[in-house]
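One structure below.
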Amino acid sequence: MEPISSNGEPLRKKSFVKAHYHPFLFSMMTFSAMAELGLTAFLISAGNENRTWPSGRYHSLLILFLFNSVWTAVFSTSYMIWTVDGASYFLASVASSVIWLVVTCILWGVASGIMHNTRSGGNCAGRATISRSVEITSQATPESKYYMSRCRQSLTVEALGWTEFGLCVLTMVATCLWVRTSGRRCVGDSRRFV
């Protein structure tokens, strides 16, 4: 005989995927977005202060990464709060989280792909790890000095972007697998995640 809840419905066991991985994955997305947010805000601030950008496209990409970071941090934190809170919100439904994850995957995938093609250079070997300005040669332009001193930071921006993209895809797959394995015909709210 199945256990029965206070409202008379039978209690079901939570899916292993949903109960164990969903809060962890959203937390990882939040922390990764916060790291990206700090780095891109620093790079934008330093570039605005020195008025040195390798290109206008690079500056616009950093702003896109900053937007993506804020978007991801706000919404993934909101989902975590709604999940822990247990209250029923329209935006806390499984369908809305899947839609949000699809949009977020697209944002991070596009930004990281464009950054990969925009950021010149490879692994930044022989360049300063972190510095505000590095004198390369007397013939170096301010833009190339800026880029040479920011090579590793640009590489980190791209790496964190791909990490965030991977976390979004993994979370979306885990959520879809949970819906599929739970045998649910309709989509409910996220209170059942925890």
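The values are calculated or read from the model by the stated rules, or taken from the named source; none is laboratory data. All values reported here derive from a predicted model rather than from experimental measurement. No Cβ is skipped: glycine too gets one built from the backbone with ideal geometry, and neighbour counts run over all protein chains shown. These accessible areas exclude ligands, DNA and RNA; they are computed on the full protein's heavy atoms, side chains included. Shrake-Rupley method; radii C 1.70, N 1.55, O 1.52, S 1.80 Å.
Within the range 39-69, the set of residues being of a type outside the set (A, V, I, L, M), open to solvent by less than 50 Å² (accessible area, probe 1.4 Å), farther than 16 Å from Leu155 by Cβ and within 21 Å of the chain's Cα centre (by Cα) comprises His59, Asn68, Ser69.
Hey, among Val94, Val74, which residue is among the β-branched types (Val, Ile, Thr), loosely packed, with under 14 Cβ neighbours inside 10 Å and at pLDDT 70 or above? Before you say what the answer is, go through the steps one by one.
Numbers: Val94 fails: loosely packed, with under 14 Cβ neighbours inside 10 Å.
Going through Val94, Val74 in turn, the sole match is Val74.
Within the range 23-38, track down each residue that is under 14 Å from the mean Cα position of the chain (by Cα) and either at positive phi or not hydroxyl-bearing (Ser, Thr, Tyr) (or both). Let's see the steps before the verdict.
Quick first cut of the range 23-38, residues under 14 Å from the mean Cα position of the chain (by Cα) only: 24-38.
Matches in the range 23-38: Phe24, Leu25, Phe26, Met28, Met29, Phe31, Ala33, Met34, Ala35, Glu36, Leu37, Gly38.
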